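The values are calculated or read from the model by the stated rules, or taken from the named source; none is laboratory data. Since this is a predicted model, take the numbers as computed values, not measurements. Heads up, the Cβs are rebuilt from the backbone with ideal geometry, glycines too, and the neighbour counts pull from every protein chain shown.
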Amino acid sequence: MTVVNLKVCLLIKDNDKVLLIKEKSGQNNDYKWNIVKGTVENEEIIKAAIREAEEEANVKVNLKDSLGVHVKFYGENKYTVYFCYIAEISEGTPKVTDSEKQTGGEDIAEVKWFTKEELKKLKDSDFVLDVSYQLIKKYLEGTKYPTEIVRSQDLSVS
């Protein structure tokens, strides 16, 4: 049986800065940088992205552009599909969520704004996931698509 996990990723930006979170890596328990991301939980993709920004960085966001849809194969019929967006804060100031309110076993220790120059200096090994690093690279290259590239629609037949 094939297993497909749906995830959302957000590059939250403010002018030329991008917000990253520092969280515990499941691989070796070190704290590493990550973009805001999470699992789609029986909801529309867009709503999941907005919810994750609130849960992980305590901000409300507007989705401005898409960084595309990326598929990662983990072997033995396991895939993760990442719906990736560029967002801007509409309300709030980024801060770490109180540990008792963090969900899904997250351990977020820091939120920090990075300039493009600082992002260029980060290496793949500085990130929890290689997907996050690749999305940062795509953002720095100027890659973006309209958010309408992905939309929820009921395709059921009556």
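Being of a type outside the set (K, R) and at pLDDT 95 or above narrows it down to one residue among A57, A87; which is it? Just a single option satisfies the conditions, and that option is A87.
The residues of the stretch 132-158 that are in contact with a Ser or Thr (Cβ under 8 Å, 6 or more places away or on another chain) and either part of a strand (DSSP E or B) or modelled with pLDDT of 90 or more (or both), listed by number, are K144, Y145, P146. Among residues of the stretch 34-54 that are under 18 Å from G68 (Cβ atoms), those with a Cβ under 7 angstrom from a residue that is assigned to a loop (DSSP other than H, G, I, E, B) and of a type in the set (D, E), sequence gap 6+ or separate chain, pair up as A48/E41.
Would you check which residues across the stretch 117-129 are at pLDDT below 95 and either farther than 11 Å from N34 by Cβ or of a type in the set (F, W, Y) (or both) and list them? Across the stretch 117-129, the qualifying residues are D124, S125, F127.
Remark: L20 matches the filter, which requires a residue to be surrounded by 18 or more Cβ atoms within 10 Å (Cβ to Cβ) and over 16 Å from S66 (Cα atoms).
Among the numbered conditions (1) under 15 Å from F83 (Cα atoms); (2) out of contact with any helix residue (DSSP H, G or I) (no Cβ under 9 Å at 6 or more places or on another chain); (3) hydroxyl-bearing (S, T, Y), the only one that T39 does not meet is (2).
When A53 is tested against (1) out of contact with any Asp or Glu (no Cβ under 7 Å at 6 or more places or on another chain); (2) surrounded by fewer than 18 Cβ atoms within 10 Å (Cβ to Cβ), exactly one condition is not met: (2). Being in contact with a Phe, Trp or Tyr (Cβ under 6 Å, 6 or more places away or on another chain) and more than 20 Å from D130 (Cβ to Cβ) narrows it down to one residue among K17, K24; which is it? Criteria check complete, one pass: K17. Scanning the stretch 61-93 for residues that are free of Cβ contacts under 8 Å to residues at least 40 places away in the same chain and either surrounded by 14 or more Cβ atoms within 10 Å (Cβ to Cβ) or not in a strand (DSSP E or B) (or both) yields a count of 3.
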